[in-house]
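As structure tokens, the structure follows; a few thoughts come after it.
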Amino acid sequence: MNPRDLLAEKIVVVLNETQDRVNIAGAIRAMMNTGLRRLRMVNPVEWDEYRIEGIAHGSEIVRERVEFFDTLEAALADAVEVVGTTARRRAMRHSWEHPRDGVEEILSLARDERGPVAILFGREDTGLTNEQLDRCDRIWTVPTDPERPSLNLAQAVLLVAYELWLAGPGSEKPLPRPRRDAPPATSAHLEEVFEEIDRHLHTINFYRGGKNPESVMRTIRAIMRRAGVDERETELVRAIAARSRRTIERLREE
């Protein structure tokens, strides 16, 4: 199973007793952005498809597959692994992990043909109770400021889902590149630019008042070389300096 299908089919997000449709919509939006498609709702207080669509536009891809359950036990029954999420440290002897440390193993477990891996999130106000965490095989906690550890439900879903995506299909996605790529500027081209800038500065009397042309141009050279400009960018700078200089000279003649 390819990484994209693995996330879409074998990872199930379970929201237990969610109180606010805005958080449901935010969680769905996070799932849409990170390749997750299976959502199970356990006794949500609010479920309004029309309003959720208004918040999470184009969310049919997740909403059409939502499953509803009366009990958490039923929602987790077929899972080969249950990952509980919480910000509160507890005395129970659980396997605690940060999501980034556990995603590789979770994706490996998800490849098991017996059933899905469930990622469980609790209520906005109380999170997961000790009894609910008892149903989990491991606990994930997102590292946050100890003075303000709790995350909004939708934020928690996004952070966890992002780590799953990054370890799966997201790792294969190349970074955006410029529409028009250009080779690095050559030394000869840069020298043409520096000469044109120097002529332009002379034209506008920039050096008047005691400025040292050699020192000024040395600084400009350092800036341009440090920027690592390419051929297209270099030519743009040269053209700006040349056009400005010729315009000023023409105006003076007129």
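For helix 187-203, what angle does its Cα long axis make with the longest principal axis of the chain, in degrees from 0 to 90 and rounded to 10?
Here the helix axis deviates by roughly 60 degrees.
Find the Cα radius of gyration of segment 187-253, compare it with 2.2 N^0.38 Å by division, and give the number to two decimals. Don't skip to the answer; put the middle values down first.
Values: Rg = 12.4 Å, N = 67, 2.2 N^0.38 = 10.9 Å.
Compared with the compact-globule rule of thumb, segment 187-253 sits at 1.14.
Relative contact order, percent, of the chain when contacts are C-alpha pairs under 8 Å separated by at least 6 residues?
Values: 357 pairs, mean separation 52.4, N = 254.
RCO, the chain: 21 percent.
Would you mind ranking Thr34, Thr219 so that the residue whose beta carbon has the fewest other beta carbons within 10 Å leads the list?
On the way: Thr34 22, Thr219 10.
Fewest-to-most Cβ neighbours within 10 Å comes out as Thr219, Thr34.
If packing is taken as the average count of other Cβ atoms within 10 Å, what order do 20-26, 205-211 fall into, highest mean first?
On the way: 20-26: 21.0, 205-211: 10.0.
Descending packing order for the listed peptides: 20-26, 205-211.
Would you mind ranking Lys173, Lys10 by Cβ crowding within 10 Å, fewest neighbours first?
Working: Lys173 9, Lys10 20.
Listed from fewest to most nearby Cβ atoms, that is Lys173, Lys10.
Could you tell me the center-to-center distance, by alpha carbons, between segment 165-216 and segment 50-81 in angstrom?
About 51 Å separates the Cα centre of segment 165-216 from the one of segment 50-81.
For Rg/Rh (Cα atoms, Kirkwood Rh), which listed value, (1) 1.29; (2) 1.03; (3) 0.95, comes from the coordinates shown?
Here Rg/Rh (Cα atoms, Kirkwood Rh) agrees with entry (1).
For a quick check: with amide H placed at 1.01 Å from N, whose amide H comes under 5 Å from Val142's, ignoring anything fewer than 5 positions away on the same chain?
Thr86
Antiparallel as a % of all DSSP beta bridges within the chain, to the nearest 5?
On the way: 2 of 24 bridges.
The answer is about 10 percent antiparallel.
With springs only between Cα atoms under 10 Å apart, run a GNM on the chain and tell me which of Glu49, Glu97, Glu235 wobbles the most.
Of Glu49, Glu97, Glu235, the Gaussian network model singles out Glu235 as fluctuating most.
With angles folded into 0 to 90 degrees, how steeply does helix 153-167 sit against the dominant principal axis of the chain? Use alpha carbons for both and round to 10.
Rounded to the nearest ten degrees, it is 70.
When a footprinting reagent is the concern and you count Cβ atoms within 10 Å, what order do Thr247, Thr234 take, fewest first?
Working: Thr247 11, Thr234 20.
Ranking Thr247, Thr234 by Cβ neighbours within 10 Å, fewest first, gives Thr247, Thr234.
To test your reading of the geometry: what angle, between 0 and 90 degrees and rounded to tens, separates the Cα axis of helix 231-253 from the longest principal axis of the chain?
For helix 231-253, the angle is close to 40 degrees.
Rank Leu164, Leu15, Leu190 by mean-square fluctuation in a GNM of the chain with C-alpha springs under 10 angstrom and give only the top-ranked residue.
Leu190
Calculated FRET efficiency, Arg246 and Ala188, Cβ-Cβ r, R0 25 Å, to nearest 0.05? Working shown, then result.
Details: r = 22 Å, r/R0 = 0.88.
That pair, Arg246 with Ala188, gives E of 0.70.
Got a sec to turn the phi values of segment 96-112 into Karplus ³J(HN,Hα) couplings, 6.51 cos²θ - 1.76 cosθ + 1.60 with θ = phi - 60°, whole Hz, x for Gly and Pro?
Calculated HN-Hα couplings, in order: 8, 8, 7, x, 4, 7, x, 5, 4, 5, 5, 5, 5, 5, 5, 6, 4 Hz.
Since every read-out is calculated from the coordinates, none of them should be taken as a lab result. Keep in mind it's a predicted model, so treat the numbers as computed, not measured. Here Cβ is always computed from backbone atoms with ideal geometry, including for glycine, and neighbour counts include all displayed protein chains.
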